[in-house]
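This report concerns only the one structure given below.
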Amino acid sequence: MYDFVIIGSGVTGYAAAMYAARLDLSVAVIGDVEGGTITLTDDVANYPGYIQLTGQELAEKLKEHALDYPVLIETGMVIDVFRTEENIFYVVTENKTFLAKSILFATGMKERELEVPGHDELKNKGVSYCALCDAPLYKEKVVGVVGGSDSAVKEALL
């Protein structure tokens, strides 16, 4: 029985594991992609404390920090989560079942990708999904913004 099971082994999952373990909670992290979405980024230049590193390097540093505490990190796909009448959570993977007093879903996100020629080749090399992250790379250049509603307008203003 764990005090805290985190579903997702990306930036949020590792950070939550580190903080929970610092509070003397027993912690397990379960994720199917170690490091999460950040590992797909070649150049991270806007993470506090680091001038420049790759997404893979950042994910590894966060994992190392979490593992500085007694945290279990398990690679696997969660296939079911349910809670009993006694308020115990069962987190079921392909190979194991974890019992927990509390859980955190830190499963991240996935961008809606354009289905246009060249997208795959230019992803993170011209095609960006975060103006706040990448706007300085395109300063004084002509850019296009694809999207809908206020989200696209906010990105365009950045």
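Every read-out reported here was derived from the displayed coordinates using simple, explicitly stated rules and does not represent laboratory data. All figures in this text were calculated on a predicted structure; none of them were measured in a lab. Note that each Cβ is placed from the backbone with ideal geometry, even for glycine, and that neighbours are counted across all protein chains shown.
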_Cα-based reach from Lys101 at 21 Å (exclusive), listing lysines while leaving out same-chain residues under 8 positions away_ = none
_I need the peptides 131-140, 114-123, 97-106 ranked by packing, meaning the mean over residues of other C-beta atoms within 10 angstrom, with the highest value on top._
97-106, 131-140, 114-123
*Charged-residue dipole, Cβ positions (Lys, Arg, Asp, Glu), region 34-158 about Cα centre, Debye nearest 20*: 260 debye
*Mind scanning Lys61/Lys96; Lys63/Lys125; Lys63/Lys154; Lys125/Lys154 and naming the pairs with a C-alpha gap bigger than 30 Å?*
Lys63/Lys154
*Sorted from fewest to most neighbouring beta carbons within 10 Å, what does the list Ser9, Ser151 look like?*
Ser151, Ser9
*Under a 5 Å amide H to amide H cut-off, with H placed in plane at 1.01 Å, what residues pair with Thr93 once short-range neighbours are removed?*
Ile79, Phe98
*How large is the helix-only mean residue ellipticity at 222 nm for the chain, computed as the sum of -39500 (n - 2.57) over DSSP H runs with n ≥ 4, divided by its residue count, in deg cm²/dmol to the nearest 500?*
-7500 deg cm²/dmol
_For Cα pairs less than 8 Å apart in space and 6+ apart in sequence, what is the mean separation divided by the residue count of region 1-133, i.e. the relative contact order in percent?_
29 percent
*Among the GluC sites (Glu not before Pro) in region 1-98, which ones are in a DSSP loop with at most 12 other Cβ atoms within 10 Å of the Cβ? Mind listing them?*
Glu85, Glu86, Glu94
*In degrees, nearest 10, range 0 to 90: what is the angle between the Cα axis of helix 55-67 and the longest Cα principal axis of the chain?*
20 degrees
*Taking the Cα centre of region 2-105 as origin, sum charge times position over the Cβ atoms of Lys and Arg (+1) and Asp and Glu (-1), and report the length of that vector in debye to the nearest 20.*
220 debye
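Starting from the exponent 0.38 and prefactor 2.2 Å, build the expected Rg for region 1-118 from its residue count and divide its actual Cα Rg by it.
That ratio works out to 1.16.
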*What is the distance, in nm, between label points placed 7 Å from the Cα along the Cα-to-Cβ direction at Leu157 and at Lys139?*
2.0 nm
*By how many degrees, 0 to 90 and rounded to 10, does the Cα axis of helix 11-22 deviate from the longest principal axis of the chain?*
40 degrees
*Extending each Cα 7 Å along its Cβ direction at Thr97 and Phe82, get the distance between those two points in nm, one decimal.*
0.9 nm
